[in-house]
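The values are calculated or read from the model by the stated rules, or taken from the named source; none is laboratory data. Bear in mind that the values here come from a model prediction, so they are computed numbers and not experimental data. Glycine gets a Cβ as well: all are built from the backbone with ideal geometry, and neighbour counts include every protein chain shown. Protein only, heavy atoms only, side chains kept; ligands, DNA and RNA dropped before computing areas. Shrake-Rupley method; radii C 1.70, N 1.55, O 1.52, S 1.80 Å.
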Amino acid sequence: MGGGTRGSAGGSGGGSPGGADLVVRDLSVGYGPVRALRQVSLEVPEAAVVTVLGGNGAGKSTLLRAISRTLSFQGGATTGGTVTLGGRRIDGLAPDRVVAAGVSQVPEGRRVFARMTVADNLRAGALGARGGRTERAAALRRVHELFPVLADRAQQRAGLLSGGEQQMLAVARALMATPKVLLLDEPSLGLAPLMAARIADTVREINTQGTSVLLVEQNAALALRLATQAYVLEVGEVTLSGPCAELAVSDEVRRRYLGVVDEDAAADAAGAMHAARAMDATGGSAAPGLTPSMPRLSRWEG
């Protein structure tokens, strides 16, 4: 199998003192007796986009909740490990203090305040953020530049926005806290391909402006295009990690997450189907036990 490192956390392990490196080390999480994460380690360098891939139930959302300290809202708890931002531990902080330290999360499913206006949703995102009125005004200008539709619909109830617009609002609300690191949980979930592409473009722009991004995304093809480093999470453990360019050509990642089957088998099947159609046309005989219309794969023969 090509590319990637099995079970590797990647990075040097320390982060740059005083910078915005997010470093997770040996993080374990449980929901009562159920172990959800087991000694997970990863690193998000300053101004980088890092993605976490994995199927349903792998522990991806749990990982983000553990970083943002919102696990207790779902009955979970950290049982071991550390999380640091710029060399400072944040795994013992309350959720609002994590936001103030520079980490904001966009939860899966958007979860905007549906009965509140767009403007009030954005004001809520600034609660507990660093800085004063000047910084909040600058943050509002930034999100309006990124998402002009939110400025146009400032007095509209959030629940009346389209799914894509609600995702924009969820991202904008998190950005109102001017985070150093943005945690994105399935931003393309349930969106039309065109809207998902627009969200992806916005993630690139947010990163270009200097915000690091930790992206959880089931759309592996999209995630590998956006990020530079990837981790594969399976049943609560990191099983594979490495540069996205390497993981994108890994047989295992291509098969499990990109929908690419074994290319030799696919070529065998295509050739066999072509031969079967030729036999149908000429009235030739098939191999024993196969009808003329069935594929005859060389690796199936004894």
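Residues in the stretch 174-199 that are open to solvent by 30 Å² or more (accessible area, probe 1.4 Å) and in contact with a strand residue (DSSP E or B) (Cβ under 8 Å, 6 or more places away or on another chain): LYS180 only.
Just one of the listed residues (LEU27, LEU63, LEU37) is hydrophobic (A, V, I, L, M, F, W, C), at pLDDT 95 or above, open to solvent by less than 10 Å² (accessible area, probe 1.4 Å) and under 20 Å from PRO187 (Cβ atoms), namely LEU63. Report whether or not GLY125 is of a type in the set (Gly, Ala, Ser), open to solvent by 50 Å² or more (accessible area, probe 1.4 Å) and farther than 30 Å from GLY32 by Cβ. So GLY125 fails the test. Run down ALA119, ALA137 and say which single residue is closer than 19 Å to ILE206 by Cα, part of a helix (DSSP H, G or I), of a type in the set (Gly, Ala, Ser) and over 24 Å from the mean Cα position of the chain (by Cα). Matching residue, one of ALA119, ALA137: ALA137. For the stretch 1-24, the set of residues classified as β-branched (Val, Ile, Thr) and at pLDDT below 95 consists of THR5 only. Looking across the stretch 200-230, just one residue is within 16 Å of ARG256 (Cβ to Cβ), open to solvent by 10 Å² or more (accessible area, probe 1.4 Å), assigned to a helix (DSSP H, G or I) and touching a residue at least 60 places away in the same chain (Cβ under 8 Å), and that is LEU224.
Based on this model, can you work out whether GLY86 counts as in contact (Cβ under 8 Å) with a residue 12 or more places away in the chain, open to solvent by less than 40 Å² (accessible area, probe 1.4 Å) and not acidic (Asp, Glu)? Considered against the rule, which asks whether it is in contact (Cβ under 8 Å) with a residue 12 or more places away in the chain, open to solvent by less than 40 Å² (accessible area, probe 1.4 Å) and not acidic (Asp, Glu), GLY86 comes out as yes.
Consider the stretch 66-83 and keep the residues that are crowded, with 20+ Cβ neighbours inside 10 Å and of a type outside the set (D, E, K, R). The one that is modelled with the lowest pLDDT is LEU71.
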